[in-house]
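Undergrad: Got a structure for you, questions after.
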Amino acid sequence: MPIAVSAETFEQEVVHSEKPVLVDFWGPQCAPCLALMPEIEKLEKICGDKIKVTKIDASKNRRLCLQLKVLSLPTFLFYKKGEAIGRLSGQNLQIQDIEKEVDKII
């Protein structure tokens, strides 16, 4: 299962991670987010030994979202060695788009 992250745990779980990190910003009212969630869970099962998969409920972490310029959902950020190196967002995202980005960073 993806690791639930909050503003309080973001640095530890994402910035200081030894593995590359996929950060899934989602919301309980976001239909595309909820549709992608089972696919993200499958991705974590397949690639979990190479990449850390995390999720952040944007409705509970608004300040963090603003700091990271996450202005729409779903948004996926990709981190490696503490740096944001990729971003995908939009309601038309497909799991294949996310898998391509993951392949680039592992």
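The values are calculated or read from the model by the stated rules, or taken from the named source; none is laboratory data. Remember, it's a predicted structure, so these values are computed and weren't measured experimentally. Backbone-built Cβ (ideal geometry, glycine too); neighbour counts: all protein chains shown. Note: areas computed on protein heavy atoms with side chains; ligands, DNA, RNA excluded. Shrake-Rupley method; radii C 1.70, N 1.55, O 1.52, S 1.80 Å.
Undergrad: Looking at segment 64-80, can you tell me whether even one residue there is over 12 Å from the mean Cα position of the chain (by Cα), within 12 Å of residue 25 (Cβ to Cβ) and among the charged types (D, E, K, R)?
TA: The answer is yes, given that some residue of segment 64-80 is over 12 Å from the mean Cα position of the chain (by Cα), within 12 Å of residue 25 (Cβ to Cβ) and among the charged types (D, E, K, R).
Undergrad: Let me confirm something: among 51, 106, 46, 85, which residue is under 15 Å from residue 2 (Cβ atoms) and in contact with a helix residue (DSSP H, G or I) (Cβ under 7 Å, 6 or more places away or on another chain)?
TA: 51
Undergrad: Pairs, please: C-beta under 7 Å, at least 6 apart or cross-chain, first residue charged (D, E, K, R) and in segment 62-77, second surrounded by 11 or more Cβ atoms within 10 Å (Cβ to Cβ)?
TA: 63/7
Undergrad: Inside the chain, counting only strands (runs of 3 or more DSSP E) that do not spill past its ends, which hold 2 or more residues that are touching a Pro at 6+ places or on another chain (Cβ under 8 Å) and open to solvent by less than 20 Å² (accessible area, probe 1.4 Å)?
TA: Working: elements: 21-26, 52-57, 75-80, 83-89.
Hits in the chain: 21-26, 52-57, 75-80.
Undergrad: Just a yes or no: is a residue in segment 4-13 under 10 Å from the mean Cα position of the chain (by Cα) and under 18 Å from residue 105 (Cα atoms)?
TA: no
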